[in-house]
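**Q** This is the structure, below, for whatever I ask next.
The values are calculated or read from the model by the stated rules, or taken from the named source; none is laboratory data. Computed from a predicted model, the values in this text were never measured in an experiment. Glycine gets a Cβ as well: all are built from the backbone with ideal geometry, and neighbour counts include every protein chain shown. What goes into the accessible areas is simple: the full protein's heavy atoms, side chains included, and nothing from ligands, DNA or RNA. Shrake-Rupley method; radii C 1.70, N 1.55, O 1.52, S 1.80 Å.
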2 protein chains.
Amino acid sequence: MNAPVLSHSRCGDCPIRHRAVCARCNADELEELDAIKYYRTYEAGQPIIWSGDVMNFVGSVVSGIASLTQTMEDGRTQMVGLLLPSDFVGRPGREGAAYDVAATTDVVMCCFRKKPFEELMERTPHIAHRLLEMTLDELDAAREWMLVLGRKTAREKIASLLSIIARRDASLTPGGATNRMVFDLPLTREAMADYLGLTLETVSRQISALKRDGIIELEGKRHVTVPDMRRLMEEAGDDSDGGFLG
Amino acid sequence: MNAPVLSHSRCGDCPIRHRAVCARCNADELEELDAIKYYRTYEAGQPIIWSGDVMNFVGSVVSGIASLTQTMEDGRTQMVGLLLPSDFVGRPGREGAAYDVAATTDVVMCCFRKKPFEELMERTPHIAHRLLEMTLDELDAAREWMLVLGRKTAREKIASLLSIIARRDASLTPGGATNRMVFDLPLTREAMADYLGLTLETVSRQISALKRDGIIELEGKRHVTVPDMRRLMEEAGDDSDGGFLG
DNA sequence: GGTCCGGTTTGATCTGGGTCAAGGCTCAGG
DNA sequence: CCTGAGCCTTGACCCAGATCAAACCGGACC
């Protein structure tokens, strides 16, 4: 949000304009990043990494949505993170992946080979700094989600999820945040359930209920209109608007 | 765990020997840390920081236990982190605190004034590096907890919490992890409930149930003996033992 | 000793969300 | 056009855990 945004010349074919690691790099550093970078695409539903696998890259989501999930032996699944465009994947200094990463929609990733990236990071304090910042953001998000999972009702959970998606959508859209929001749900009911610690039936019922109560409008199963974000956020039980509006 | 541990000369009156930011510092850096450092004690139950307050320090817990909590306007609270000795508090580069921090038991903190600490960090890559590592650990813990909150039953939640406390206890005790563990619960039933997203009645009932089933033994309300950690961890539904035993 | 008080246990009852089951929509492929 | 596969919705029923209420326990203080 407040990170300086740069139309960087080298890393510039990378359409990431927000939260990028390279946002403050100089020409030399960008060239170096460019040399160890490659793109990779995944189809919706495909796994990207399995928990425990050795990861030989780090990178950012360029487009599409990926999810981090944890699964118990008996199959219970909890999504522990959503990766939206510009989000970072991988943890410098760690061998294996800690979670399953999968493409929820078609995904394009911009990857950096891990070894040279770590070396560059070693020499370039502001990249390490950026990474720390991003990790702190993720930690905040994870902890906010703990409140959702631990204490909110099903209806509040759905409203929270819709708020978050609307918010992220707004930050990527030129128009930005307004009181009326329109967006597409990038998740199936099942994926929403896994994120919210609910069953897909409950998700479906609560979405129907929010629709019946005029909090949201639905066109098809995925296209959502929120006539009044304030009401949605009340439903979410958030005390603040999360900086959504001015 | 695998971070090099140093009996550092300057920061050495600080009894933290694990995860400390200063573990790799040289003499000059330690002197500098020493100059900006002070101790502070809090009684059990006292607030340390309120969410939103401006924080003018960062630091580590030296002894005792502190908790991070989030509260909704209607009073529902969720604990989002437990701070045990050697855990770090505060986020370099951030103005305000994101959560309420409170002393659960009597707490001693080793604090560094924030401004000079950030400056030192700017000049000292390995401190930033250490901080990133610690933040990644916290992120992992938070995400592991998301699985607990979202998908585990009350009994599994209790078993998970007991496992974590036993594990942390073991890593601080010379003897280390054995199959039989004895420790004191540092939390009230209510605090456990807030951590687990349950009510205190349910916590009490499940503890009684684990006791009845011989998974744990209780002496008084707080002193716990786990005759067989393996059984406890089965109850927790963990597929791995979290590296608890060799 | 008694009494107060915070923390805890236990019981009785209620209910939100899980579970099981039956259709419904929509789009791709034949 | 029909058919099948995914995804989604809706209904009926059930149960784990919440809620409400009462009592218990152990230590501090008079």
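**Q** Select the strands (runs of 3 or more DSSP E) contained entirely in region A:24-72, then report the ones holding at least 2 residues which are closer than 25 Å to A:Arg130 by Cβ and away from chain B (no Cβ under 14 Å).
**A** A:37-42, A:47-49, A:57-63
**Q** Hey, another quick one. Quick check on my filter: what residues within region B:170-181 are touching a His at 6+ places or on another chain (Cβ under 8 Å) and open to solvent by 70 Å² or more (accessible area, probe 1.4 Å)?
**A** B:Leu172
**Q** Residue pairs, Cβ under 6 Å, 6 or more apart or interchain, first in region B:147-166 and within 17 Å of A:Thr199 (Cα to Cα) and β-branched (Val, Ile, Thr), second away from DNA strand C (no atom under 13 Å from the Cβ) and open to solvent by 10 Å² or more (accessible area, probe 1.4 Å). List them.
**A** These pairs meet every condition: B:Val148/B:Lys157.
**Q** While we're here: Where residues in region B:7-23 are part of a helix (DSSP H, G or I) and open to solvent by less than 20 Å² (accessible area, probe 1.4 Å), which of them is modelled with the lowest pLDDT?
**A** Selected residue: B:Cys11.
**Q** Just for region A:182-220: of the residues that are under 21 Å from the mean Cα position of the chain (by Cα) and part of a loop (DSSP other than H, G, I, E, B), which one is surrounded by the fewest Cβ atoms within 10 Å (Cβ to Cβ)?
**A** A:Thr188
**Q** If B:Ile158 passes every condition in (1) open to solvent by 10 Å² or more (accessible area, probe 1.4 Å); (2) in the same structural domain as B:Leu196 (by TED's automatic domain parsing) but one, which one does it miss?
**A** (1)
**Q** Considering every residue within region A:98-115, establish whether at least one is touching a residue at least 12 places away in the same chain (Cβ under 8 Å), part of a helix (DSSP H, G or I) and not acidic (Asp, Glu).
**A** Yes, the conditions are met somewhere in region A:98-115.
**Q** Which residue is nearest to B:Glu144 (Cα to Cα), if the candidates are limited to region A:91-124 and must be surrounded by 20 or more Cβ atoms within 10 Å (Cβ to Cβ) and among the small types (Gly, Ala, Ser)?
**A** A:Ala102
**Q** Among the listed residues B:Asp106, B:Asp100, B:Asp74, identify the single one that is within 26 Å of B:Ile207 (Cα to Cα) and not assigned by TED's automatic domain parsing to the domain that holds B:Lys211.
**A** Sole residue among the options that is within 26 Å of B:Ile207 (Cα to Cα) and not assigned by TED's automatic domain parsing to the domain that holds B:Lys211: B:Asp106.
**Q** I'm trying to understand the selection: among the residues of region A:124-137, which are closer than 12 Å to A:Ala23 by Cα and more than 7 Å from chain B (Cβ to nearest Cβ)?
**A** Across region A:124-137, the qualifying residues are A:His126, A:Ile127, A:Arg130.
**Q** Does at least one position in region B:166-185 carry a residue that is within 15 Å of DNA strand C (Cβ to nearest atom) and over 20 Å from B:Asp87 (Cα atoms)?
**A** Checking region B:166-185: not a single residue is within 15 Å of DNA strand C (Cβ to nearest atom) and over 20 Å from B:Asp87 (Cα atoms).
**Q** I'd like to check something: does region A:148-161 contain any residue that is within 28 Å of A:Asp106 (Cβ to Cβ), within 16 Å of DNA strand D (Cβ to nearest atom) and not in a helix (DSSP H, G or I)?
**A** No - not one qualifying residue is present in region A:148-161.
**Q** Quick one: count up the residues across region A:224-242 that are within 15 Å of DNA strand D (Cβ to nearest atom) and either at pLDDT below 95 or closer than 25 Å to B:Arg76 by Cβ (or both).
**A** 1
**Q** Only one of B:Ile207, B:Ile165 is more than 12 Å from DNA strand D (Cβ to nearest atom), within 26 Å of A:Glu138 (Cα to Cα) and away from every other protein chain (no Cβ under 14 Å); which?
**A** Only one candidate qualifies: B:Ile165.
**Q** A follow-up question, please. Contact list please: Cβ distance under 7 Å, first residue in region A:175-197 and at positive phi, second residue buried (at least 16 other Cβ atoms within 10 Å of the Cβ), pairs at least six apart or on different chains.
**A** Short answer, once both residue conditions are applied: A:Gly176/A:Ala170; A:Gly197/A:Gln78; A:Gly197/A:Leu149; A:Gly197/B:Leu149; A:Gly197/B:Gly150; A:Gly197/B:Arg151.
**Q** May I pose another question? Scan region A:138-148 and tell me whether some residue there is within 13 Å of chain B (Cβ to nearest Cβ), out of contact with any helix residue (DSSP H, G or I) (no Cβ under 7 Å at 6 or more places or on another chain) and of a type in the set (Lys, Arg).
**A** No, that holds for no residue.
**Q** Just one of the numbered conditions (1) out of contact with any Phe, Trp or Tyr (no Cβ under 9 Å at 6 or more places or on another chain); (2) closer than 13 Å to B:Val58 by Cα; (3) more than 10 Å from chain A (Cβ to nearest Cβ) is not true of B:Thr104; which one?
**A** For B:Thr104, the failing item is (2).
**Q** Same structure again: Of all residues in region A:44-76, count the ones that are more than 26 Å from A:Leu120 (Cα to Cα), more than 18 Å from the chain's Cα centre (by Cα) and open to solvent by less than 30 Å² (accessible area, probe 1.4 Å).
**A** 1
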